[in-house]
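**Student:** Pasting a structure here, questions to come.
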Amino acid sequence: MEHSESHADFEEFARQAGPRLARALVASRGVHGAADAASEALAYAFEHWPDVRSMENPMGYLFRVGQSRTRPRQRPRLPAPDQVGLPDVEPRLVPALLALPETQRAAVWLVHACDWSYAEVAAALDTTTSMVGNHVSRGLSRLRSELEVTFDA
Amino acid sequence: MPDLLDELRRYGDALEREVAPLVRVPDTYGPEGSQTHQRSRRQRVLVLVAALAFLATGVVVALAVERGGDPQPDGDTKLPTVDTTPAPPPEVFPDATAGGTWTKLPGGPLAARQGHSLVVGDGRVLLWGGVVPETSNAYGDGAELSLATRQWRVIPEAPLAPRADHVAVWTGTEMVVWGGGNRFGGDEQVDGAAYSPTARTWRRIAAAPLPEGPEYAGVWTGSELMVFGASLAGTHGAAYDPRSDAWRVMRPADLSTTLDSRVSLLWTGTRLVAFDPVPQLAGAVSGVQVFSYDPATDTWSDTRITDLKEQALGGGTLDGFVYLVGYGGSMVQLDPESLEWEAKGEVIPGCEDVPTVRAAGTDVLISMSCQVAVLYEPSSGRKHNLSPPEGVNIWPPTEWADGMLVTWQQLSPSGEPTEATSVWTYAPARR
C-alpha cells in the first residue's frame with residue numbers, strides 16, 4: 001500500500017514538475033536538451049524519491065541535477081517566436097536572450113519566463129537572492145539595451 | 001508598445017508546450033525506472049558531440065587568454081562559479097525506540113573543534129569559531145550548510161578576532177556573533193559582528209556598553225540580543241537591537257547570592273531567566289539559584305533557590321515553562337513568573353554529566369554524553385528513550401529549528417576528533 005502511494009505521489013509530482021522543469025532548463029539546454037535534462041532529473045527524483053519528496057525546494061535541486069547530468073551544447077538552440085505560434089513577439093528577443101551571459105540568461109529566464117521566485121532561483125543557481133537580483137537586473141538592462149527601439153524601458 | 005516581461009512569459013509558455021511532450025517520465029513500476037531511463041543512441045551521440053564542442057571551446061578560450069583577450073567580455077568572470085554537482089542524498093535512520101527520523105548530512109569543511117557556535121536560520125546551519133580541542137588556539141573561521149541543497153560553503157572572513165564560547169544568535173536575517181574568549185578564561189571579548197548569509201557579508205555591530213571580564217551568556221528574544229554576565233563588582237547586562245544597531249543597558253540585578261560561574265540564560269517568550277548553582281565549600285552545592293528579568297519594566301525578580309543540589313545543569317523552555325535538569329539527571333519545572341518549581345524526578349538516572357535540554361516540538365529533549373537521550377512529555381509526564389545511530393552524541397551546541405534538532409558531530413565522547421564530520425538532524429515522530 002505504502003509502495004503504491006509512493007508511486008502515485010511520484011507520478012503526480014512528475015506530471016506537474018516535468019513540464020515546469022523542462023521549461024526552466026530550456027534557456028540553457030535548448031528544446032531537446034531541456035527535455036533530456038528534465039528526463040534525467042525526473043529519473044534521479046524517482047531513484048531518490050523519499051529524499052526529493054521531503055525537500056523544501058525540489059525544483060531548484062532537480063534543476064541542478066538536470067544541468068549536471070547533461071552536457072551543455074556550446075549555445076542552446078531556441079526556436080524563433082513565429083515558429084512556436086507567436087508571430088507578434090519581437091523576433092530579436094531570442095538572439096538577444098542567447099547573447100546574455102549564461103548566469104544572467106538563466107536568472108532572467110527563470111524569474112520572468114518561468115515565474116520562479118528569487119529564492120527558488122538562488123537555490124537552483126547556488127547563489128544568493130541578492131545575486132539573483134543583480135543578474136536579473138543586469139540581464140534585463142542588457143536585453144532592453146539590445147531591443148531599445150522596440151521595447152519600453 | 002510590447003512589454004519585454006510579457007513577451008518573455010509568453011515565449012516561455014510556448015516553449016513549455018513544445019518541450020513538455022518530449023520529457024520522459026520514469027516507469028515507476030519498472031526496475032529503477034530503467035525502461036524510460038535508458039539513454040538513446042541519439043543522446044549518446046549528442047553527449048559525444050557536446051564533449052568535443054566543450055573541448056574545442058576550451059582550446060579557443062585558452063588561446064584567447066594566451067593572447068591576452070578576455071574570454072568573457074561581459075564582466076561575469078567575477079561571479080562565483082555555480083557548482084551544479086548535486087550533493088549525495090542524505091542517509092536516513094528511523095529511531096527504533098522513540099520513533100522519528102535521524103538524518104545524516106555532510107559534515108562540511110571545518111576542522112573539529114570545541115566551543116564553537118551552531119546557529120540555524122534561513123534554511124542553513126551556520127558554524128563559527130571555537131578552539132582546537134584541549135588547547136586555547138581559537139578559530140575565526142566558519143561555514144554554512146544549505147539544508148535544501150546539502151552543500152557547504154565557507155563563510156567569508158569575519159571582522160572579529162578568533163574566539164570560542166561566544167554568543168551566537170539568529171535574528172531572522174543575520175547571525176550575530178558577540179563576546180567569547182579563548183575558552184580558558186583569557187582574551188575575553190566584548191565586541192561582535194553580524195553575518196548575512198544572503199548578502200554573504202559581515203558588519204561590525206555597535207560597541208557594547210559592558211566591561212571586559214565577565215563571561216557573558218546571551219539569548220535572542222525575538223527583537224533583541226540580550227547578554228548578561230557577573231563579576232565580583234556585580235552583574236552587567238545589555239540588549240542589542242539589530243534594527244537600530246544600538247544597545248540599551250539593563251538594570252543590574254540585586255542578588256543576595258554570589259554568581260560563581262558563567263550564568264546560564266533562557267528566554268521564555270516574555271522574560272529572561274538566569275540560573276546558576278549556589279556554590280559551597282569543597283565543591284558542594286546548596287541548590288540552584290534562579291532569577292528573572294522583565295524587559296518591559298527593566299526589573300529583576302528576587303532570587304529563588306531550588307533544592308536541586310546539582311553542580312551543573314542544563315535548561316530549556318517549553319510552553320512558557322522552564323525545565324532544569326541537573327548533573328545527576330533530576331529535573332524541575334519552573335514557572336518563570338512566580339519562580340515556583342515542581343520536582344519531576346530523575347529523567348536520566350545514572351549518567352552524571354552536564355545535560356543538554358532543548359524544547360523539541362511538544363516535548364523536552366534531554367541528553368547527556370553517555371549517549372542517553374530522552375523525550376519528556378510535560379503533558380503526561382511520560383518519557384521516551386531515544387536511540388540515536390551509533391556515534392551520534394547530542395552535545396552542545398545544538399539547535400531546534402524547523403521541526404528538528406540539529407547537531408554537528410565531530411568529536412568522540414572522549415573529545416578526540418572523529419575521522420569524518422557530519423551534521424545530524426532528528427525529527428521526532430508526531431504523537
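**Student:** Could you state how much accessible area B:Thr135 has, in square angstrom rounded to the nearest 10, with a 1.4 Å probe and all protein chains kept in place?
**Tutor:** Estimated to the nearest 10 Å², B:Thr135 gives 40 Å².
**Student:** Here is a follow-up. Label points 7 Å out from Cα along the Cβ direction at A:Glu47 and B:Asp254: separation in nm?
**Tutor:** 7.0 nm
**Student:** Here's something else I'd like to know. Can you pull out the buried accessible area for chains B and A, both sides counted, probe 1.4 Å, rounded to the nearest 100 Å²? Please report the intermediate quantities before stating the final value.
**Tutor:** Numbers: alone 22980 and 9140 Å², together 26250 Å².
In total, this chain pair buries about 5900 Å².
**Student:** Take B:Asp402 and B:Ala206, extend 7 Å from each Cα along the Cα→Cβ direction, and tell me the distance between the two endpoints in nm.
**Tutor:** 3.2 nm
**Student:** Hey, can you grab everything whose amide H is under 5 Å from the amide H of B:Arg124? Only 5+ residues off in sequence or another chain; H modelled, so Pro and N-termini drop out.
**Tutor:** B:Leu147
**Student:** Determine which residues of the stretch A:72-116 fall in the zone a paramagnetic label at B:Arg17 would reach in this model, i.e. backbone nitrogen under 16 Å from the point 7 Å along Cα→Cβ.
**Tutor:** Flagged as within label range: A:79-90.
**Student:** For the pair A:Glu11 and B:Thr221, what calculated FRET efficiency results from E = 1/(1 + (r/R0)^6), where r is the Cβ-Cβ distance and R0 = 35 Å, to the nearest 0.05? It would help to have the intermediate numbers written out before the result.
**Tutor:** On the way: r = 47 Å, r/R0 = 1.34.
That gives a FRET efficiency of 0.15.
**Student:** Accessible area per residue for the stretch B:321-384 in Å², computed with a 1.4 Å probe and the full protein assembly in place, what is it?
**Tutor:** Details: 2520 Å² over 64 residues.
Accessible area per residue: 39 Å².
**Student:** Filter the GluC sites (Glu not before Pro) in the stretch B:357-431 down to the DSSP loop ones having no more than 14 other Cβ atoms within 10 Å, then list what survives.
**Tutor:** Details: sites: B:Glu390, B:Glu399, B:Glu419; in loops: B:Glu390.
Listed in order of number, the matching sites are B:Glu390.
The values are calculated or read from the model by the stated rules, or taken from the named source; none is laboratory data. Keep in mind it's a predicted model, so treat the numbers as computed, not measured. Reconstructed Cβ throughout: ideal geometry from the backbone, glycine too, with neighbour counts over all protein chains shown. Calculation scope for accessible area: heavy atoms of the full protein, side chains included, ligands and nucleic acids excluded. Shrake-Rupley method; radii C 1.70, N 1.55, O 1.52, S 1.80 Å.
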